[in-house]
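In what follows, a structure is listed as structure tokens, so that the remarks can point back to it.
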């Protein structure tokens with residue numbers, strides 16, 4: 001019997017707060033996980049074992065949920081990127097000022113940690 005990968009579902013909105021790099025990493029990881037799970041289903045074949053059938057059904061349900069969550073995450077990330085782009089284009093000088101201020105604050109906090 002092939003091993004079936006285990007995974008935990010996370011809320012797609014949680015990763016949107018970690019930035020686009022984290023969202024991209026989450027999307028890539030979820031895509032890989034879905035592909036591995038689908039391969040495990042194919043490898044499981046048509047075994048008559050009741051436990052395997054129950055696990056396969058549960059895994060197919062989780063895969064369907066994962067695919068829809070991935071689609072929602074992509075849609076949300078794209079919309080947030082469009083919104084951020086619109087704000088920056090509408091207020092370029094304010095955006096630069098905020099970026100400089102945040103950079104200075106982070107630099108100050110990091111330099112004070114070294115002492």
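In nm, what is the difference between 0.36 nm times the number of residues separating residue 91 and residue 35 and their Cα-Cα distance?
Here the answer is 16.0 nm.
At residue 76 and residue 62, where each label point lies 7 Å from the Cα along Cα→Cβ, what is the point-to-point distance in nanometres?
It works out to 2.0 nm between the two label points.
We did not get these values from a lab; they are worked out from the coordinates using the rules stated. Since this is a predicted model, take the numbers as computed values, not measurements. Virtual Cβ from ideal backbone geometry, glycine too; neighbours counted across all protein chains shown.
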